[in-house]
1. Could you pull out every residue, at least 5 positions away or on a different chain, whose amide H is within less than 5 Å of the one on residue 43? Hs are placed 1.01 Å off N in the peptide plane, and Pro or chain starts have none.
2. Does the chain classify as rounded, prolate or oblate by the C-alpha gyration tensor (a ≥ b ≥ c root eigenvalues; a/c under 1.5 gives rounded; else a/b over b/c gives prolate, otherwise oblate)?
3. Add +1 for every Lys or Arg and -1 for every Asp or Glu among the other residues with Cβ under 9 Å from the Cβ of residue 253, and state the total.
4. With +1 on each Lys and Arg Cβ and -1 on each Asp and Glu Cβ, and nothing else charged, work out how big the dipole of the chain is about its Cα centre, in Debye to the nearest 20.
5. Can you give the net charge of the other residues whose Cβ lies under 12 Å from the Cβ of residue 65, counting K and R as +1 and D and E as -1?
6. Running a GNM on the chain with Cα contacts under 10 Å, which residue among 73, 102, 241 ends up with the highest mean-square fluctuation?
7. Can you show me the helix-derived [θ] at 222 nm for the chain, built from DSSP H runs with n ≥ 4 at -39,500 (n - 2.57) apiece and divided by the number of residues, rounded to the nearest 500.
8. State the answer as a single residue: which of 89, 35, 8 lies farthest towards the positive end of the charge dipole of segment 1-95, with beta carbon charges of +1 for Lys and Arg and -1 for Asp and Glu, about the Cα centre.
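Any read-out appearing in this document is the output of simple, stated calculations on the displayed coordinates, not a laboratory observation. Everything numeric in this text was worked out from a predicted model, so none of it was measured. Neighbour counts run over all protein chains shown; Cβ positions are idealised from the backbone, glycine included.
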Amino acid sequence: MVKVLEAVPNFSEGRDLAKVRALVDVVERAGVEILDWSADPDHHRSVVTYIGDPRQVEAASVDAASFALERIDLRSHRGIHPRVGALDVLPFVPLHGLEMTDAVASARRVGVQIGRMGVPVFYYGMASRPPGRRLAELRRGGFEGLAGGFPTDRLPDEPPGAPAPHPTAGVTCVGARPVLLAWNVFLLGVDLAGAREIAGKIRERGGGFTGLRALGLHLPRQDRVQISMNLEDPAGTSPLDVLETIEREAVARGGRIAETQVIGMLPDTLVHPPSVNRLVLPDPGPARVLSHPVAQQVRARTRGRTEISESAE
């Protein structure tokens, strides 16, 4: 069976587009298929999405980690998104012919190699021991909060006994997880304090929606306010329900929703007509829907295997 693994690394660079494009080139040279990449100067962060055979995805991820180590210096990095590493987050997602245990195995193999580079690694999500460790606890205090060494309750998994983060690259959080929805909602007529109040109400930790992580942020370069979110199970928790709650809270504060932005690929649950119309999704065509390129790759690789088999007979 054709095996397709996804990786969605987040890097602490969103302003130097030449550097981000060079990073994407490094990833692509490993033989994976780049599905999407984006860079945000206010978050000072870029996200790259790629799929392929697990071995290729692992190799691409190690190359990306090496690039981040060499080219991104957190000592001069300032952005509004929480971060602890040059390669800040590296999740692996099983898509076709794989179980979550396979994604965990990939995460740990790559984690070991990143640790050998001198960048400490924390496992999170399904890759942590026990499973379920969250990014929020690992990012507490940011890169600067770890500069003096690791707290006794937050010791890295790789390499064992590492005393402190890498001086320029920090640490990397490597995980395994299902498909999630990463999205931002921009608000008009709501200030930062209001956005933070809304984020506090809707996030799971505040008693809101199950599996929802949310932050209220002000983007200084755009002078806009947004609620930045990750929804861990968009099939189990409706994004439309989340959006309606945000809208209700914004209206109560004299504002409204101005725009919705999805980072990376669209889960299938978002492309039904009611969701497309209500979320005002940009370019919700097949190329943006995760299942479409996965199916294309499975067909292409299956055809390639058949051709090789027939030529060998």
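1. Here the answer is 80, since their amide H atoms fall under 5 Å of that of residue 43.
2. It is oblate, given that a/c is not under 1.5 and a/b is not larger than b/c.
3. -3
4. Approximately 580 debye in magnitude.
5. -3
6. 241
7. Calculated at 222 nm, the ellipticity per residue is -11000 deg cm²/dmol.
8. Final value for the positive-end residue is 89.
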